[in-house]
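All remarks here apply to the structure that follows.
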C-alpha cells in the first residue's frame, strides 16, 4: 500500500554476516548518520551470531562497527550478546547501550561504544539464577538531565524472583538500584516487568510495566501499569490496565512512552499497548502527567487482517507535523508482516505502508524522524531475496515533511550546553532560543554546539542557514 505523496525505500537487507534481525530503534547521531543494533548475526562463536552494532547513512550505506561475542574470554572481554534495545548518543559523543544476556554472570551488560567501534563494558549484571539485587536483563537507557543514565531490568531486584528494577548508572559505570519491583508470581499492585523510561519536562521518569497492577485476575494479577518515578526512586502508579477481557483501555504495554511537544509544560504522554482493545490487537493512548488516561485508538482498526496490522510493540514518535507515527509488528493485508501507521493527537488513524516479505517483515522497534524530514526504521525479518524469514531490513519512509533541527537535550537552564542536529548547517548565521540570540559554533554540516542564552524562555529553537530558517518542532524547555 502506498499513500499518495509518500515514498517507501528499503535501504539495506541484512545478510547474516552484517547482522540479523534488528529489534532496536535507530538513533540519529551528531555526524548525520543513523546507528542501531541487530540481535543476531556477525562473525563470532555464536551458533547464529551474537549481534552487531552498525551505522547506516541516510542513503543506505551500512558499516558494521562491532560484533558481539558469547564467550567471556573473547578478546574484548565483554561476553555481552543479543542486543535488543536501541543506542543513545551521550553528550560525550559516545553511544551507550545494553545487552540482556552475557557477561561473566550471563545477566547482561551496559556498554559504551565510540562512533568508530571501540567498545567498553561498563557493568555486568548478576546471574540469572539466585539473588540479583541489581537486576537481570537490562533494557534501553535514557540519559537524564543530571548526565547519568537511567534504565530498567526485566527481572531480579531486592525480592525473591523479582520482577525487575529501575537503576541509575554513571558514564563511568557506577550503578545504583533505585527501585525493585515485586515478584511476578505475587500480587503486584505497582506492576512487574518494566519497559524503557522517558524523562519528562518535569524532571521525573515515566514508564510502563508489561504485567502486574492493582486489578486481580489474569497473568501476574494485572495487565500492566503506567508509572512515574523520581530520580531518587519514589514510584507512583498512574494507571493500571485491566486483566480480564474485554479490556477497552488495552493490555500489556511494551513500548517506551513519548512526551508530546504540545506547548504546555505538562505535555501529555503517548503510548501503545500490545494487546487489548476491540479485537485484542492493541491500542494507542495518551495520559496526562497527573494520570488521566484517554484511549485514542480502540475501534477495531488494529486487527489481524486490518490494513494497520496488530500488536504495536514499538514506541511512537511525534513527527514534525505534530502527528504520531508508529508500527505494528504483525497483521496487515500482506502475510502478517505488520504496517506503518499515523495517528493524530485526537486519535484519527491512517495506514501508510503495509510490509511484505520483499520490503521487510515484522517491525518491532519504533521509527525515528531524521532532521531531513524522513522517517527511518528496521524490521526483524524479510528483505530483498530473503523471503518472509529473511534477516531483516533498514527502511525509510518519506511523507513529504521538510527538514528541521532538533536539540539534545530538550530542556536545560541558562548556560546549559546544547547540541543542535540538522542537515546543511554549514554557514549558519543565527541561533535563537524562542527569539533570544545565542552564541554558537558550527561543528559540521550536521552539528551546531551552543549554550542556553541569558534571557531565553521556553519555545522553539531556530537556526538560520544559507538555505533558509530551520525550526525545532519540539519545544526547548528552559528550566
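Pick the calculated volume of the Cα convex hull per residue in Å³ for this structure from (1) 230; (2) 170; (3) 128? Derived directly from the coordinates: (3). Ranked for footprinting exposure by Cβ neighbours inside 10 Å, fewest first, 316, 293, 421 give 293, 421, 316.
Residues 406, 416, 286, ranked from the fewest to the most other C-beta atoms within 10 Å, line up as 416, 406, 286. If each of residue 335 and residue 118 carries a label point 7 Å out from its Cα toward its Cβ, how far apart are those two points in nm? If labels sit at residue 335 and residue 118, their model points lie 4.6 nm apart.
Rounded to the nearest 5, what % of DSSP beta bridges with both residues in region 406-478 are antiparallel?
90
Relative contact order of region 249-359: what whole-number percent is it, with Cα pairs under 8 angstrom and at least 6 residues apart? List each step's numbers first, then the result.
On the way: 319 pairs, mean separation 21.5, N = 111.
After rounding, I find 19 percent.
Given a cut-off of under 8 Å on Cα pairs at least six residues apart, what relative contact order in percent is computed for region 406-478? Walk me through the intermediate numbers first.
Working: 186 pairs, mean separation 26.6, N = 73.
So the answer I get is 36 percent.
Highest mean packing comes first when the peptides 100-106, 373-379 are listed by Cβ atoms within 10 Å, giving 373-379, 100-106.
Note: relative contact order over the chain, using C-alpha pairs below 8 Å and six or more positions apart, is 10 percent. Residues 303, 132, 337, arranged from fewest to most other Cβ atoms within 10 angstrom of their Cβ, appear as 303, 132, 337.
Laboratory data are not the source of any read-out in this text; all were calculated from the coordinates shown. Quick caveat, the model's predicted, so the values are computed rather than measured. Cβ coordinates were reconstructed from backbone atoms using ideal geometry, including for glycine residues, and neighbour counts include every protein chain displayed.
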